[in-house]
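Everything below concerns the one structure shown next.
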Amino acid sequence: MVRLLLLAPLFLGACGNPCVALCDDMARYAKECGYDVSQDEIDACHQDNASSTLTDERAQECIEAGDPDQLREWWSCDDLADNYQNAVK
């Protein structure tokens, strides 16, 4: 129980990070496009974006990019293939 309490700030910080949330949004969109996104890829994205020194500007960019309509406007399903090394459609 003590371990959970000690780790809680780490998990709570990551949950509130819009760039970490963007990883999940991108993975959901990729799956909608028919790509197989591994949990390892999602976890790596989470880890890459879990910085506690997230600037307000970067956070806003991630919020805007995570909007489903924005994702579809900025990325086609074919564009996503370049971002997933093991893209399987």
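In segment 24-36, what residues are part of a loop (DSSP other than H, G, I, E, B) and surrounded by 14 or more Cβ atoms within 10 Å (Cβ to Cβ)?
The answer is Cys33, Tyr35.
Which of the residues that make up segment 37-50 are among the polar types (S, T, N, Q), open to solvent by less than 90 Å² (accessible area, probe 1.4 Å) and free of Cβ contacts under 8 Å to residues at least 24 places away in the same chain?
none
Tell me, which residue of segment 51-89 that is in contact with a helix residue (DSSP H, G or I) (Cβ under 7 Å, 6 or more places away or on another chain), closer than 13 Å to Gly16 by Cα and modelled with pLDDT of 90 or more is most open to solvent (accessible area, probe 1.4 Å)?
In this case the residue turns out to be Ile63.
In segment 51-69, how many are within 19 Å of Asn83 (Cα to Cα) and in a loop (DSSP other than H, G, I, E, B)?
Total satisfying the criteria: 2.
Can you name the number of the only condition in (1) open to solvent by 50 Å² or more (accessible area, probe 1.4 Å); (2) part of a helix (DSSP H, G or I); (3) modelled with pLDDT under 90; (4) of a type outside the set (D, E, K, R) that Ala8 fails?
All conditions are met except number (1).
The values are calculated or read from the model by the stated rules, or taken from the named source; none is laboratory data. Worth saying up front: this structure is predicted, and the values here are computed from it rather than measured. As a convention, Cβ positions derive from the backbone with ideal geometry for all residues, glycine included, and neighbour counts pool all protein chains shown. Surface accessibility is based on the protein's heavy atoms, side chains included, excluding ligands, DNA and RNA. Shrake-Rupley method; radii C 1.70, N 1.55, O 1.52, S 1.80 Å.
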